[in-house]
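To keep things clear, I will list the structure first and then write my remarks on it.
Here, each number is a calculation from the coordinates, and none is a lab measurement. Note that the structure is a prediction, hence the values are computed from the model and not measured. Note that each Cβ is placed from the backbone with ideal geometry, even for glycine, and that neighbours are counted across all protein chains shown.
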Amino acid sequence: MSALVARVQAGDTEAFGLVYDRYVDQVFRFVYRRVLDLQVAEDLTSETWLRALRNLPAFRRHGDFAGWVTTIARNLTINYQRSHQRRERPVAEVRDPVPAGEVSSPEAAAVQRLTREALVEGIAQLSPVQRDCITLRYLREMSIDETAQVLGKTPSTIKAIQHKALRALRGLLPVTAVMPA
């Protein structure tokens, strides 16, 4: 990836298109799950890529590009939410704009819905940094280091935040939400 980013920094528009194609869906989902508005998410995703392109010379060649572009998206989203006085909602509260697939039975669908509702309620009770940590680690499947970069924290701090958030969720969730019968 660093070679591709180096090509982009050298002005290769085809390389930028490849980087864009690789990460645009991740950035969009990250933003959409926070703003809950398709048009706003599209606008913020576009602005994220404009800023990434403008600030590409500042990107370190051996850095984590996904983390860097996610940080840009996160900052734009926070600014948008502040200016529109919306509270940030946990990712688990929102369904993907693209369906994940069919559920095998009505019973499985009911268990899935109840589990999701319990998770939403539990995650809503976490602090904002704990919600972001859980979102990035488990829903975006980012590493500890990537999460630390996005949140502007050290990896050891992320581990502590994650541990406390998971411990808090265990105490908040009913047993049936954790282990369906």
Hey, can you rank 139-146, 68-75, 12-19 by average C-beta count inside 10 Å, highest first? 68-75, 139-146, 12-19
Evaluate E = 1/(1 + (r/R0)^6) for A58 and D145, where r is the Cβ-Cβ distance and R0 equals 22 Å; express this FRET efficiency to the nearest 0.05. 0.65
With a point put 7 Å past each Cα toward its Cβ, work out how far N79 is from A3 in nm, to one decimal. 3.5 nm
Length gained, L36-K159, 0.36 nm per residue minus C-alpha separation, equals 41.5 nm
Under a plain spin-label model, where a point goes 7 Å from the Cα along Cα-to-Cβ, how far apart in nm are L172 and T13? 4.7 nm
